[in-house]
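Asks: This is the structure I want to talk about, given as structure tokens.
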Amino acid sequence: MSESSGYRLSFWRGLFYLLLATGLGITVVRFSQGLGSVTNLSDRYPWGLWVGFDVLCGVGLAAGGFVITAAVYLFNIKRLQPIVRPAVLTAFLGYVLVVCGLFFDLGRPWNIWRPIIMWNPNSVMFEVAWCVTLYTTVLALEFSGMVFEKLHWPRAVRIQRLFTVPLVIMGVLLSTLHQSSLGSLYLIVPEKLHPLWYTPMLPVLFWVSSVAVGLAMVIVESRLSARAFKRHLELPLLSEVGRVLVAVLGLLAVFRLY
């Protein structure tokens, strides 16, 4: 397009389009020829390096949702109310991206529904699958209030607000189970982790680290959204979140040294 049309192909837009085209090409190969065709994975090595980013790190980045909502609705820290919505939105988008990533990670993604009806309570992955499914549903219900407000559905908004506290309680429980169970995955495969990092406290360490990275993500997301939408940055609130983050990181350091 020409400059007069109001569209300008910047460097970052061009890079985005290039990555998008590359990703679409790899997607076609992955789903037409199998996961091994683009990853060189096998039954002996079923997980790629990216699992540590899109699942373990991606889920941790979405932890700010349950931390902030618990602080506001369960511990009655109402001054954090202005950053609840950005935290919930970040968490919801994070889990949606994790679910999308799982369709690429799983060798047979069309079987992703099976844990819902084929129960195996002795499996850590079974618990992870259920927590991801249920917590994504809870986040969607928490996020629905914003959609109802945009659609001017006052009755739906009132109904959604009636269930806010139960949804927050469910979200905290499910997210706690999910974040800690990701650490449990390494407990059952000790040979996949260096002895320096292996410890029975891995579920606790995963949960505490998720709280820390969730708070950090809330700060980053608030800064980016304020800049993008030209809104006022809630600097006093974010400073308070930063102080809590320092305390959580200190607690994590104590656990790690122990």
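The values are calculated or read from the model by the stated rules, or taken from the named source; none is laboratory data. This structure is a prediction, so every number in the text was calculated from the model and none was measured. Methodologically, a virtual Cβ is constructed for each residue, glycine included, from the backbone with ideal geometry; neighbour enumeration extends over all protein chains shown. Ligands, DNA and RNA are stripped out before the accessible areas are found, and what is left, the full protein with its side chains, is counted by its heavy atoms. Shrake-Rupley method; radii C 1.70, N 1.55, O 1.52, S 1.80 Å.
Asks: Just the residues that are hydroxyl-bearing (Ser, Thr, Tyr) and either under 30 Å from TYR258 (Cα atoms) or at pLDDT below 80 (or both), please, taken from segment 195-234.
Replies: Result: TYR198, THR199, SER209, SER210, SER225.
Asks: Mind checking which residues of segment 142-160 are part of a helix (DSSP H, G or I), closer than 17 Å to LEU89 by Cβ and either open to solvent by 80 Å² or more (accessible area, probe 1.4 Å) or in contact with a strand residue (DSSP E or B) (Cβ under 7 Å, 6 or more places away or on another chain) (or both)?
Replies: Passing the criteria: only LYS150.
Asks: What residue, of PRO154, PRO109, PRO121, is closer than 25 Å to TRP207 by Cβ and out of contact with any His (no Cβ under 7 Å at 6 or more places or on another chain)?
Replies: PRO121
Asks: Determine which member of the set THR27, THR22 is out of contact with any Gly (no Cβ under 8 Å at 6 or more places or on another chain), closer than 20 Å to TRP110 by Cβ, modelled with pLDDT of 85 or more and surrounded by 10 or more Cβ atoms within 10 Å (Cβ to Cβ).
Replies: None of the others qualify; the one that does is THR27.
Asks: Looking only at residues that are in a loop (DSSP other than H, G, I, E, B) and under 18 Å from LYS192 (Cα atoms) in segment 47-63, which one is least open to solvent (accessible area, probe 1.4 Å)?
Replies: Here the residue is GLY48.
Asks: Being in contact with a Cys (Cβ under 8 Å, 6 or more places away or on another chain), open to solvent by 30 Å² or more (accessible area, probe 1.4 Å) and either hydrophobic (A, V, I, L, M, F, W, C) or farther than 17 Å from LEU89 by Cα (or both) narrows it down to one of LEU177, LEU196, so name that one.
Replies: None of the other options fit; the residue is LEU177.
Asks: Scan segment 210-228 and tell me whether some residue there is of a type in the set (S, T, N, Q), part of a helix (DSSP H, G or I) and under 26 Å from SER181 (Cα atoms).
Replies: Yes: one or more hits.
Asks: Determine whether ILE169 is of a type in the set (Val, Ile, Thr), out of contact with any Asp or Glu (no Cβ under 6 Å at 6 or more places or on another chain) and free of Cβ contacts under 8 Å to residues at least 40 places away in the same chain.
Replies: no
Asks: Can you name every residue in segment 229-257 that is touching a residue at least 12 places away in the same chain (Cβ under 8 Å) and in a loop (DSSP other than H, G, I, E, B)?
Replies: Selection gives GLU234 alone.
Asks: Also: Taking THR69 as meeting all but one of (1) modelled with pLDDT of 85 or more; (2) closer than 23 Å to ALA226 by Cα; (3) of a type outside the set (Gly, Ala, Ser); (4) open to solvent by 70 Å² or more (accessible area, probe 1.4 Å), write down the number of the exception.
Replies: All conditions pass for THR69, except number (4).
Asks: Would you confirm, using the coordinates I've provided, whether SER42 is of a type in the set (S, T, N, Q) and in a loop (DSSP other than H, G, I, E, B)?
Replies: yes
Asks: Looking at ARG79, ARG108 in this structure, which one is within 21 Å of ILE219 (Cβ to Cβ), more than 16 Å from the chain's Cα centre (by Cα) and basic (Lys, Arg)?
Replies: Exactly one residue qualifies, and that residue is ARG79.
Asks: Another question, then. Just wondering, is there one or more residues in segment 72-95 that are modelled with pLDDT of 85 or more and on the phi > 0 side of the Ramachandran plot?
Replies: Within segment 72-95, one or more residues are modelled with pLDDT of 85 or more and on the phi > 0 side of the Ramachandran plot.
Asks: Go through TRP119, TRP110, TRP130 for me and flag whichever is without any contact (Cβ under 8 Å) to a residue 24 or more places away in the chain and over 19 Å from SER181 (Cα atoms).
Replies: Every option except TRP110 fails the conditions.
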